[in-house]
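Visitor: Structure provided below as structure tokens; questions to follow.
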Amino acid sequence: MLHCGIVGLPLSGKSTVFNVITRAGAEVKPYAGGKTDPNRAVVEVPDARFDRLVRVHNPKKATPAQVEFVDLAGLSKGAGKGAGLGNSFLSFVADADALLHVIRCFDNMSVEHPEGSVDPLRDWEILDMELIFRDLGVVENRLGRLSSKKKLLPEEDVEKGLLERCHSCLMDERPLRSLDLTPDEARSLRGFSFVSAKPQIMVLNMDETQRDLSSLPAAASIGKRIAETDAGAVELYGRLEMDLMDLSPEEAEEFTEGLSIEEPGRDRLIAKAYGTLGLISFFTCGPDEVRAWTLRDGDSAVDAAGAIHTDLAKGFIRAQVVSYEDYSANGDSFAKCRDAGVLRLEGKEYRVKDGDIIEIRFNI
Ligand SMILES: Nc1nc2c(ncn2[C@@H]2O[C@H](COP(=O)(O)OP(=O)(O)O)[C@@H](O)[C@H]2O)c(=O)[nH]1
Ligand SMILES: [Mg+2]
């Protein structure tokens with residue numbers, strides 16, 4: 001299952017945000033240190049299309065798309081060069097498919113700040129730089145190895161060129177996510193698990209005394225930074241939303257009066273995570289099960305088969321595909337879609353689209 005790692009400085013509210021998203025009740029505490037095992041929890045992704053498919057097919061089993069969230073230990077300055085918990089922390093980050101980066105905006109005197117003051121922009125940069133340092137280490141290591149070889153294979157030559165591009169990007173203090181890579185190039189770099197290449201969402205963790213972004217310290221520069229970044233940004237009242245989970249809707253309304261909360265932070269974050277993280281869903285429908293499966297945008301029909309079962313990927317012949325819109329407009333039936341000429345037979349290379357209804361033909 002794809003999973004989203006929650007990163008940030010110690011005491012930025014990572015476990016709080018984790019609880020808001022997962023309702024898992026992880027420990028939240030006003031001091032840093034202690035437990036370093038990550039908290040993990042799986043959440044269902046809200047999707048109206050899925051809900052409708054379940055109503056129509058009334059299957060024995062309904063399995064919505066799921067994403068796992070992992071609450072990682074805090075990252076401190078120097079981690080990218082191996083200081084402190086650096087290495088073990090970064091190996092967890094490298095495992096994640098995407099990152100939710102929590103930035104402390106709340107100004108709560110009783111919670112210490114590892115850098116001594118509340119400064120969202122500085123914290124944003126600290127974390128970005130740690131990720132960049134870590135990747136730089138990986139790139140230099142591999143480039144060193146390649147250059148010590150007498151003769152490079154053609155594919156190693158291509159790899160070297162690509163890694164040199166990565167190197168100059170990182171030396172400019174830019175994350176690898178900002179590189180303009182072809183899907184093939186991106187795929188060939190996947191094995192390195194570059195942490196600065198991972199899709200990232202910034203979570204601005206605010207206090208209920210802060211009405212919106214404009215009441216933050218250095219609001220203008222934060223706004224500018226958000227506009228410049230390729231990462232999405234979500235404003236969240238972390239602690240407030242966590243406390244709201246225990247209240248009735250009426251009580252909750254009283255609490256949130258005057259704050260710019262339209263939709264619960266939980267739904268906003270999950271939807272945003274799914275979209276910004278470049279995830280898409282395809283569906284399989286039948287009387288036994290209606291299921292939403294998660295892929296990365298850009299994945300192929302074989303990846304879709306592999307998500308269902310490795311055997312389906314191995315014995316893949318063709319995929320029968322119809323878009324959700326065509327499917328629902330044609331009686332929610334493959335037979336009717338075929339009659340209407342909207343059912344397609346696609347090969348291995350087909351790039352799956354969000355909302356595709358798919359049936360894999362395979363032979364093993
Ligand atoms: N005032 C306020 N306090 C918060 C907020 N989010 C977290 N905290 C407090 O900050 C402390 C650290 O939170 P925690 O989620 O454990 O941070 P972590 O170390 O990043 O996992 C706890 O005492 C939280 O109650 C917030 O939005 N507002
Ligand atoms: Mg924590």
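Visitor: Can you name the number of the only condition in (1) away from ligand 2 (no atom under 15 Å from the Cβ); (2) modelled with pLDDT under 80; (3) farther than 26 Å from PRO217 by Cβ that PHE89 fails?
Guide: (1)
Visitor: Can you tell me which residue in segment 269-302 is farthest from ASN363 (Cα to Cα), limited to those that are charged (D, E, K, R) and buried (at least 16 other Cβ atoms within 10 Å of the Cβ)? Write out each step before concluding.
Guide: So in segment 269-302, the residues charged (D, E, K, R) come out as 272, 288-289, 291, 296-297, 299.
Imposing the further condition that a residue be buried (at least 16 other Cβ atoms within 10 Å of the Cβ) reduces the set to 272, 291, 296, 299.
Details: LYS272: 38, ARG291: 22, ARG296: 25, ASP299: 21 Å.
Within segment 269-302, the match that is farthest from ASN363 (Cα to Cα) is LYS272.
Visitor: Which pairs do you get when a residue that is within 10 Å of ALA218 (Cα to Cα), found in segment 102-122, comes within reach of a residue that is of a type in the set (Gly, Ala, Ser) and not in a loop (DSSP other than H, G, I, E, B), reach meaning Cβ atoms under 7 angstrom, with the pair 6+ apart or on two chains?
Guide: LEU121/SER221
Visitor: Sticking with this one: Restricting to segment 33-59, name every residue that is within 11 Å of ligand 2 (Cβ to nearest atom) and crowded, with 16+ Cβ neighbours inside 10 Å.
Guide: Result: PRO38, ASN39.
Visitor: Does segment 101-127 hold any residues that are under 13 Å from LEU75 (Cβ atoms), of a type in the set (Asp, Glu) and surrounded by fewer than 20 Cβ atoms within 10 Å (Cβ to Cβ), and which are they?
Guide: Passing the criteria: GLU115, GLU125.
Visitor: Tell me the residue from VAL158, VAL138, VAL111 that is assigned by TED's automatic domain parsing to the domain that holds LYS77, in a helix (DSSP H, G or I), of a type in the set (Val, Ile, Thr) and closer than 28 Å to HIS3 by Cβ, please. Walk me through it before giving the result.
Guide: Working: VAL158 fails: closer than 28 Å to HIS3 by Cβ; VAL111 fails: in a helix (DSSP H, G or I).
Sole residue among the options that is assigned by TED's automatic domain parsing to the domain that holds LYS77, in a helix (DSSP H, G or I), of a type in the set (Val, Ile, Thr) and closer than 28 Å to HIS3 by Cβ: VAL138.
Visitor: Do you know which residues across segment 178-209 are assigned to a helix (DSSP H, G or I) and over 20 Å from LEU9 (Cβ atoms)? Give the steps one after another, and end with the answer.
Guide: Residues of segment 178-209 assigned to a helix (DSSP H, G or I): 178, 183-192, 195-197.
Hits for segment 178-209 are SER178, PRO183, ASP184, GLU185, ALA186, ARG187, SER188, LEU189, ARG190, GLY191, PHE192, ALA197.
Visitor: Let me ask another. Exactly one condition in (1) in contact with a strand residue (DSSP E or B) (Cβ under 6 Å, 6 or more places away or on another chain); (2) surrounded by fewer than 19 Cβ atoms within 10 Å (Cβ to Cβ); (3) under 22 Å from ALA26 (Cα atoms) is false for LEU236; which is it?
Guide: (2)
Visitor: Using the structure shown, decide if GLU228 is in the same structural domain as PRO183 (by TED's automatic domain parsing), surrounded by fewer than 19 Cβ atoms within 10 Å (Cβ to Cβ) and out of contact with any His (no Cβ under 7 Å at 6 or more places or on another chain). Walk me through it before giving the result.
Guide: Details: in the same structural domain as PRO183 (by TED's automatic domain parsing): yes; surrounded by fewer than 19 Cβ atoms within 10 Å (Cβ to Cβ): yes; out of contact with any His (no Cβ under 7 Å at 6 or more places or on another chain): yes.
So GLU228 fits the description; yes.
Visitor: Among the residues of segment 313-321, are any assigned to a helix (DSSP H, G or I) and outside the structural domain of MET202 (by TED's automatic domain parsing)? Give the derivation first.
Guide: Residues of segment 313-321 assigned to a helix (DSSP H, G or I): 313-314.
Next, only the ones that are outside the structural domain of MET202 (by TED's automatic domain parsing) stay: 313-314.
Among the residues of segment 313-321, at least one is assigned to a helix (DSSP H, G or I) and outside the structural domain of MET202 (by TED's automatic domain parsing), which makes the answer yes.
Visitor: Another question, if that's okay. Can you tell me which residues in segment 1-34 are within 10 Å of ligand 1 (Cβ to nearest atom), at pLDDT below 90 and out of contact with any Gly (no Cβ under 9 Å at 6 or more places or on another chain)?
Guide: ALA26, LYS29, PRO30, TYR31, GLY34
Visitor: What are the pairs with Cβ atoms under 6 angstrom where one residue, in segment 277-299, is at negative phi and the other, located anywhere, is modelled with pLDDT under 90 and not charged (D, E, K, R)? Sequence gap at least six, or different chains.
Guide: Taking only residues 6 or more apart or on different chains, the pairs are LEU277/ALA98; LEU277/PRO199; THR294/LEU2; THR294/LEU279; ARG296/GLY278; ASP297/GLY278.
Visitor: On to the next question. Restricting to segment 222-240, give me the number of residues that are assigned to a helix (DSSP H, G or I) and within 16 Å of ligand 2 (Cβ to nearest atom). Walk me through how you get there before you give the answer.
Guide: Filtering segment 222-240 for residues assigned to a helix (DSSP H, G or I) gives 222-228, 238-240.
In the following step, the residues that additionally are within 16 Å of ligand 2 (Cβ to nearest atom) were identified as 238-239.
Within segment 222-240, residues that are assigned to a helix (DSSP H, G or I) and within 16 Å of ligand 2 (Cβ to nearest atom) number 2.
Visitor: Okay, moving on. Checking ALA62 against (1) away from ligand 2 (no atom under 13 Å from the Cβ); (2) farther than 20 Å from ILE280 by Cα; (3) touching a residue at least 24 places away in the same chain (Cβ under 8 Å), which test does it fail?
Guide: (2)
Visitor: Next up: Of LEU2, LEU9, which residue is surrounded by 17 or more Cβ atoms within 10 Å (Cβ to Cβ), within 28 Å of PRO120 (Cβ to Cβ), within 11 Å of ligand 2 (Cβ to nearest atom) and under 21 Å from the mean Cα position of the chain (by Cα)? Steps first, answer last, please.
Guide: Details: LEU2 fails: within 11 Å of ligand 2 (Cβ to nearest atom).
Criteria check complete, one pass: LEU9.
The values are calculated or read from the model by the stated rules, or taken from the named source; none is laboratory data. Worth saying up front: this structure is predicted, and the values here are computed from it rather than measured. Neighbour counts run over all protein chains shown; Cβ positions are idealised from the backbone, glycine included.
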